[in-house]
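S.K.: Mind looking over this structure? Questions follow.
The values are calculated or read from the model by the stated rules, or taken from the named source; none is laboratory data. Bear in mind that the values here come from a model prediction, so they are computed numbers and not experimental data. No Cβ is skipped: glycine too gets one built from the backbone with ideal geometry, and neighbour counts run over all protein chains shown. For the accessible areas, the whole protein counts, side chains as well, though only heavy atoms, and no ligand, DNA or RNA atoms are used. Shrake-Rupley method; radii C 1.70, N 1.55, O 1.52, S 1.80 Å.
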Amino acid sequence: MKQGVIFDLDGVLISTDEMHYRAWKSIADELGIPFGHTENNLLRGVSRMASLDIILNLGNMVLSDQEKEALAERKNNRYVELLQSLTPDVVAGEVRETLSRLHKRGIKTAVGSSSKNAKLILKLTDLEKYFDAVSDGTNITRSKPDPEVFLKGAEFLGLTPGECAVTEDAVAGIDAANAGGFYSIGIGDAAAYDKADARIGNISELLDLI
Ligand code: B16
Ligand code: MG
């Protein structure tokens, strides 16, 4: 029986995958680096700068820190522009239902996202009200698979990692949860990952695990 659940945002509560893809694709095209959905999958749960490093590696390209900052900023501007089309309707009914039920049971909930845009996404989708805390890319220095984002999330909830489960769609996120001593639950892409403590096909199955 856990007292808290920390949710990854992108790929678990909502999906902005295609928006990340379109924004990175425009940067990769400019650089002449071949970039498709397979390459985009490598960026799941990975921070913005680490994502750019992966793309540059794919193209065997080395750039200065200043050039990289400029590219990452351009990618983010494009992504934030695309995010503006988000509305509360994009959130699946079962996501809201699961979050409400957890609250009714007295279980604390937090978001644990690598994204620096997490709070904007939660606002645009009207998801803020379901969470007791948000730990995101703005309060960490190390990205998943480092457990920092989840450790901060547990701290914000006033709970220990052993008292919390983490729900994640990224392999890097499951590794982060395991490294932090959390009960890791894989969903989506991570539902096939054998290092997850539990694997679910639908978010509502969480209610039977917690
Ligand atoms: P930003 P999550 C992650 O969100 C995304 O999965 C990943 O693709 C993205 O690069 C990362 O956030 C950083 O996002 O550029 O908005 O700071 O899955 O950890 O909620
Ligand atoms: Mg994710």
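S.K.: About the Cα centre of the chain, how large is the charge dipole given +1 on each Lys and Arg Cβ and -1 on each Asp and Glu Cβ? Please answer in debye to the nearest 20.
M.R.: Approximately 420 debye in magnitude.
S.K.: On to the next question. Of the candidates L31, L124, L13, which one comes out as most mobile in a Gaussian network treatment of the chain with C-alpha springs shorter than 10 Å?
M.R.: Among L31, L124, L13, the largest mean-square fluctuation in the Gaussian network model of the chain belongs to L31.
S.K.: If you don't mind, another one. When the accessible area of region 142-206 is split by element with a 1.4 Å probe, what percent falls to carbon and sulfur?
M.R.: Percent of accessible area from carbon and sulfur atoms in region 142-206: 50.
S.K.: Related question: Kindly express, to the nearest 10 degrees and within the range 0 to 90, the angle between helix 171-180's C-alpha long axis and the longest C-alpha principal axis of the chain.
M.R.: 50 degrees
S.K.: Whole-Hz Karplus ³J(HN,Hα) for region 136-150, in order, using 6.51 cos²θ - 1.76 cosθ + 1.60 and θ = phi - 60°, x for Gly and Pro?
M.R.: Values per residue, Gly and Pro as x: 9, x, 8, 10, 10, 10, 10, 8, 3, x, 5, x, 3, 4, 7 Hz.
S.K.: Hey, another quick one. Keeping all protein chains in the complex and leaving out DNA, RNA and ligands, what accessible area do you get for M19 with a 1.4 Å probe, in Å² to the nearest 10?
M.R.: 30 Å²
S.K.: Putting +1 on Lys and Arg Cβ atoms and -1 on Asp and Glu Cβ atoms, find which of I14, I107, V90 reaches farthest to the positive end of the dipole of the chain.
M.R.: Value: I107.
S.K.: Per residue, how large is the accessible surface of region 17-83? Use a 1.4 angstrom probe and give square angstrom.
M.R.: Per residue, region 17-83 has 54 Å² of solvent-accessible surface.
S.K.: Round to a whole angstrom and tell me the spacing of the C-alpha centers of region 63-121 and region 149-181.
M.R.: 17 Å
S.K.: Separate question: Taking H placed 1.01 Å from N in the peptide plane, check which residues at least 5 places from V111 or on another chain put their amide H under 5 Å from its amide H.
M.R.: F7, A133, V134, S135
S.K.: Any idea what the relative contact order of region 17-83 is, in percent, if you count C-alpha pairs under 8 Å spaced at least 6 apart?
M.R.: Rounded, it is 45 percent for region 17-83.
S.K.: Starting from the Cα of K68, draw a straight line to each of the lysines and keep only those under 26 Å, dropping any in the same chain fewer than 8 residues away.
M.R.: Straight-distance partners of K68: K25, K116, K119, K144.
S.K.: Cα axis of helix 48-58 to longest principal axis of the chain: angle in degrees, 0 to 90, nearest 10?
M.R.: For helix 48-58, the angle is close to 50 degrees.
S.K.: Which whole-number value in Å² is the accessible area per residue of region 100-163, probe 1.4 Å?
M.R.: 46 Å²
S.K.: Once the other residues with Cβ under 13 Å from the Cβ of A190 are scored (Lys, Arg +1; Asp, Glu -1), what is the net sum?
M.R.: -4
S.K.: If you fit an axis through the alpha-carbon atoms of helix 65-83 and take the longest principal axis of the Cα set of the chain, what angle between them do you get, 0 to 90°, nearest 10?
M.R.: 60 degrees
S.K.: Keeping the other protein chains in place, figure out the carbon and sulfur percent of the accessible area of region 17-83, with a 1.4 Å probe.
M.R.: Exposed carbon and sulfur together represent 49 percent of the surface.
S.K.: With an 8 Å Cα cut-off and a minimum separation of 6 or more residues, compute the relative contact order for the chain in percent.
M.R.: Over the chain, the number comes to 25 percent.
S.K.: In addition: For F131, what accessible area in Å² do you get when you roll a 1.4 Å probe over the heavy atoms of the protein chains, rounding to the nearest 10?
M.R.: F131 exposes around 30 Å² with every protein chain in place.
S.K.: Which residue, chosen from T138, F182, S204, occupies the Cα position most advanced towards the positive end of the dipole of region 76-210, where the dipole is computed from +1 (Lys, Arg) and -1 (Asp, Glu) charges on Cβ about the Cα centre?
M.R.: Sorting the options by dipole projection puts first T138.
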